[in-house]
Amino acid sequence: MSDAVDEILDQWRTERPDIDPWPMGIVGRISRLARVLDRELKEFFAAHGLERWEFDVLATLRRSGPPYELTAGALIQTAMVTSGAITNRIDRLTARGLAERVPDEQDRRSVRVRLTDEGRTLVDDILEAHVANEVRLLSALPADQRDHLADALRGLLRSLGDT
């Protein structure tokens, strides 16, 4: 069964038979899949009144465990964004009452970002539906291939420094 990437690879094989385009097939499919998944997740979160990045920050705080707070630096590492971007995100979440800034008890120069009760309720209310949506998105993948794909992607990410 072929896809749009196969057509692109066939064109390269015709035009440049001296180059084996196999890496284009993998990178192209990962790139296309990332765009499709991003679109699907944006639609899901929009239906719940959230941006995807909002859920990512809220879920990061939620899974950190009680008291559901982290430094901005820890959020930057998880979100892989700049300090300016995380400041903007925290500002927007605090304006919505989903997170709050609290002084760090160990370091008075530092501020922690804490999930509010409203933010925690929101994450908890949509988490099960979010997982079900991801199951739907991956439903074409046979169960026996899931672990293999996860392992392959993990290995690739680690080899590229995403640890």
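The values are calculated or read from the model by the stated rules, or taken from the named source; none is laboratory data. Computed from a prediction, not measured in an experiment: that's the story for all the values here. Every residue, glycine among them, receives a Cβ derived from its backbone with ideal geometry; neighbour counts consider all protein chains shown. Just so you know, the surface numbers come from the protein's heavy atoms only, side chains and all, with ligands and any DNA or RNA stripped out. Shrake-Rupley method; radii C 1.70, N 1.55, O 1.52, S 1.80 Å.
One table, with the values for the structure above:
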quantity	calculated
Pairs where the first residue, in segment 135-163, is of a type in the set (D, E, K, R) and the second is modelled with pLDDT of 95 or more, C-beta under 8 Å, 6+ apart	ARG146/LEU138
Breaking point among (1) without any contact (Cβ under 8 Å) to a residue 40 or more places away in the chain; (2) more than 20 Å from the chain's Cα centre (by Cα), for PRO67	(1)
Filter result for ALA85 (assigned by the TED database to the domain that holds LEU153 and either among the basic types (Lys, Arg) or open to solvent by less than 60 Å² (accessible area, probe 1.4 Å) (or both))	yes
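Each row is one residue, and each column tells you yes or no for (1) among the hydroxyl-bearing types (Ser, Thr, Tyr); (2) touching a helix residue (DSSP H, G or I) at 6+ places or on another chain (Cβ under 6 Å).
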| site | (1), (2) |
| --- | --- |
| ASP107 | no, no |
| SER110 | yes, no |
| GLY119 | no, yes |
| LEU122 | no, no |
| VAL131 | no, no |
